[in-house]
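First comes the structure, then the notes that go with it.
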Amino acid sequence: MKIPLSFLALMACTSIASAATPLQPTFRIDNFNAPLVIDNPWWPMLAGTRTVHHGLEDGECQVTEIQVTRSAKRDFTGAYAGLAARVVIDRVWRDPRCDGKRGLLLEDTRDWYGQDNGGNVWYFGETTVEYEYDEAGHRIGSSTQGSWEAGRNGAKAGIVMFRHPVVGTYYRQEYFAGEAEDEATILRVGIRLATPLGRFHDCLKTREATPLEPGIFENKYYCANLGVVRVEAPSAHGGAELVLSGLEGVR
């Protein structure tokens with residue numbers, strides 16, 4: 001298989017300790033001339049785009065909405081100072097009747113993404129809040145665990161999607177020791193996928209997990225010009241499956 005030059009260049013500037021160690025991309029600010037233009041085929045983020053997924057997770061139905069805003073985060077520090085990253089809102093609601101309608105808000109997150117000159121999409125951190133409710137539906141607590149920012153307290157950005165994905169690539173999507181350590185492996189490329197929203201081609205499949213939760217993983221399917229279309233978590237309690245059910249603002 002011919003490996004794209006952009007991938008070889010990334011590998012050349014990245015240190016890999018062993019085959020069992022995920023690739024940790026090396027960030028260079030001069031490799032981000034237009035980070036807010038995110039047009040990677042498998043993870044496009046056009047400002048104004050909104051996608052909705054619904055399905056089962058941890059034994060209950062949920063609705064997830066992802067909105068690509070027109071805002072940018074520009075106050076990074078350390079090696080990331082001077083970077084602009086796209087702000088993406090990710091919210092999760094309980095779906096009490098499993099009919100796609102939103103009930104209690106379970107999670108409210110602001111993610112920060114940017115694209116390098118080679119077309120790879122990077123993840124620079126998040127501020128997240130998870131809400132807890134009693135049996136009557138009253139909010140009784142919240143947690144910001146999992147929040148992190150590249151450049152602070154040793155946290156490093158990772159790549160969420162390559163411009164030229166190669167089967168077998170094992171890489172870090174984020175790294176903040178003990179808090180956020182998501183990793184992914186590209187399993188298949190060039191596949192077809194059928195969902196209730198339609199049939200898609202030119203898709204790829206990844207396996208995503210974290211060493212912070214051994215044995216837990218997700219299979220994600222990304223399709224050209226759409227992004228994430230299906231998420232399967234067979235290892236979760238009761239299993240989980242989220243599918244794309246709606247999209248707006250996609251060209």
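Net charge near residue 135: determine it from the other residues with C-beta under 14 Å of the C-beta of residue 135, scoring Lys and Arg +1 and Asp and Glu -1. Please report the intermediate quantities before stating the final value.
Working: positive: 94, 139; negative: 60, 132, 134.
For residues surrounding residue 135, the net value is -1.
Suppose every Lys and Arg Cβ carries +1 and every Asp and Glu Cβ carries -1, with no other charges. What dipole size does the chain come out with about its Cα centre, to the nearest 20 debye?
1080 debye
Once phi is turned into θ = phi - 60°, what whole-Hz ³J(HN,Hα) does the Karplus curve with 6.51, -1.76 and 1.60 give for every residue of region 37-45, x standing for Gly and Pro?
8, 10, 10, 3, x, 9, 8, x, 10
Before rounding to the nearest 500, sum -39500 (n - 2.57) across all DSSP H runs of length at least 4 in the chain and divide by the residue total; then give [θ] at 222 nm in deg cm²/dmol.
The helix-only estimate for the chain comes to -1000 deg cm²/dmol at 222 nm.
Quick one: how many lysine pairs in the chain have C-alpha atoms under 27 angstrom apart, if they're 8 or more apart or on different chains?
Going through the chain pair by pair, I get 8.
Take the alpha carbon gyration tensor of region 93-251, find the square roots of its eigenvalues, order them as a ≥ b ≥ c, and report rounded if a/c is under 1.5; if not, report prolate when a/b exceeds b/c, else oblate.
oblate
Could you let me know the centre-to-centre spacing of region 139-155 and region 164-227, using Cα atoms, in angstrom?
23 Å
With the cut-off at 1.5 for a/c, could you classify region 40-152 from its C-alpha gyration tensor as rounded, prolate or oblate?
oblate
Rule-based calculations on the coordinates, nothing more; no lab input. Given the structure is predicted, the values throughout are model-derived calculations rather than measurements. All Cβ positions, glycine included, derive from the backbone under ideal geometry; neighbour counts span all protein chains shown.
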